[in-house]
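Below is one structure; the comments refer to it alone.
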Amino acid sequence: MRLSKVLAVLLAFAVAASAGAQPMAPATWKSITSTAQQQIREAQQATKRYASLDSARADGFGPVFGWIPTMGTHWVSGQRMLAGKGFTLASPSQLMFSRVNGKETLVGAAYAYVTPVSDSVRPPSFDGNPPWHEHPDLAPPGTTLVMLHVWFVPSPDGPFAGHNPYLPFWALGLTPPDEDRMTDEAESARVRKAALGLGEVADTNGLFRGLARRPAVRPVLDERRAAIRALVPQLDSAQRASDWKRWDAVADQIGSHWQAIREAYLASAVNPFVHARMEKFLDEMLSGAHAGHVH
């Protein structure tokens, strides 16, 4: 199998099989050290040359799967990823792109390597030792895939979180709620569920393309996506007016449509193993947790 196909399978299943771990206390931009903040700026500066997809492709990066609502699209350099254990601030092995106001934008990066499962020592990275995460069951036998994300755009779960629920808002040209609203548990859950609903209309290729073509799923997607599209202008209007009561009501409606879509996806997955992996991944996107965090 060609290297590009190996990477595509490896990373796609890494995303799909992430377990529903409990959310960690977010390392917000304000809570990380000034040294870590400067390191993030340095990483962002070092990757500015990949501001366009063409420049990323010219340097050996390529998309391994489609847009994921809370992750964007991963563009991977196979050469860097398989170069061995290590961390080089200016040379991430993955770039994360997502649409912002209609333009594909570099919103973050990731560092990844494959190492023996017996190797529990992680290389130092950013100041403060943000946790790496790993997928030992998804790498070649006897090895584990180790990863660390960093966001160049605001993330309510911090710059090193595995997910960013703000991406679907930007993809539709919307302004996400302020981070201080995300400190409330109920509000955070509302925003995250609405984000996944928005993601269904921001990219209609969908999370599960094979399932989306099934007769039991297609009508649900068509109906619920149409309803969400009709609500997008209302959400934008409420945001611009700072009418948070109305914003919450519209977000709840979008969230209810997403819940119906989620149920349709899961009901169509008749294989218990596939169903369990899908459910864990959907739960992870909703909670903002990321599986396999290790220091």
GNM, the chain, Cα, under 10 Å: largest mean-square fluctuation among Val150, Val217, Val76?
Val217
GNM flexibility winner over the chain from Asn164, Asn205, Asn271 (Cα, springs under 10 Å):
Asn271
Within 10 Å of each residue's Cβ, count the other Cβ atoms and sort Leu82, Leu211 from fewest upward.
Leu82, Leu211
How large is the Kirkwood hydrodynamic radius of segment 138-295, in angstrom, based on all distinct alpha carbon pairs?
16.8 Å
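Work out the length of the dipole vector of the chain about its Cα centre, built from +1 on the beta-carbon of each Lys and Arg and -1 on the beta-carbon of each Asp and Glu, and round it to the nearest 20 debye. Don't jump to the answer; show the numbers that get you there.
Details: 29 positive and 27 negative charges, 172 e Å.
Charge dipole of the chain: 820 debye, to the nearest 20.
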Percentage of interatomic Cα-Cα distances in segment 235-295 larger than 18 Å
55 percent
Computed over the chain: longest principal axis from alpha-carbon atoms vs helix 272-287 long axis, angle to nearest 10 degrees, is 80 degrees
Counted neighbours (other Cβ, 10 Å), sorted fewest up, put Thr143, Thr35 in the order Thr35, Thr143
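What ranking of Asp180, Asp203 emerges when the number of other C-beta atoms within 10 Å of each C-beta is taken as an exposure proxy, fewest first? Can you show the working numbers first?
Numbers: Asp180 9, Asp203 17.
Ordered by Cβ neighbours within 10 Å, fewest first: Asp180, Asp203.
Grab the DSSP H runs of the chain that are 4 residues or longer, score each as -39,500 (n - 2.57), total them, divide by all residues and round the 222 nm result to the nearest 500 deg cm²/dmol.
Numbers: 10 runs with 128 residues, N = 295.
The helix-only estimate for the chain comes to -13500 deg cm²/dmol at 222 nm.
List the relative contact order of the chain as a percent without decimals, with contacts defined as Cα pairs under 8 Å and 6+ residues apart. All intermediate terms of the calculation are to be shown ahead of the outcome.
On the way: 498 pairs, mean separation 68.3, N = 295.
Once normalised by length, the contact order is 23 percent.
For the chain, divide the Cα radius of gyration by the Kirkwood radius and give the resulting Rg/Rh value with two decimals.
Ratio of gyration radius to Kirkwood radius for the chain: 0.95.
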Using Stokes-Einstein with the Kirkwood hydrodynamic radius over Cα pairs, what translational diffusion coefficient do you get for segment 77-128 at 37 °C and a viscosity of 0.692 mPa s, in µm²/s rounded to a whole number?
259 µm²/s
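We did not get these values from a lab; they are worked out from the coordinates using the rules stated. Everything numeric here is computed off the predicted structure, so don't read it as measured data. All Cβ positions, even for glycine, are placed from backbone atoms using ideal geometry, and neighbour counts span all protein chains on display.
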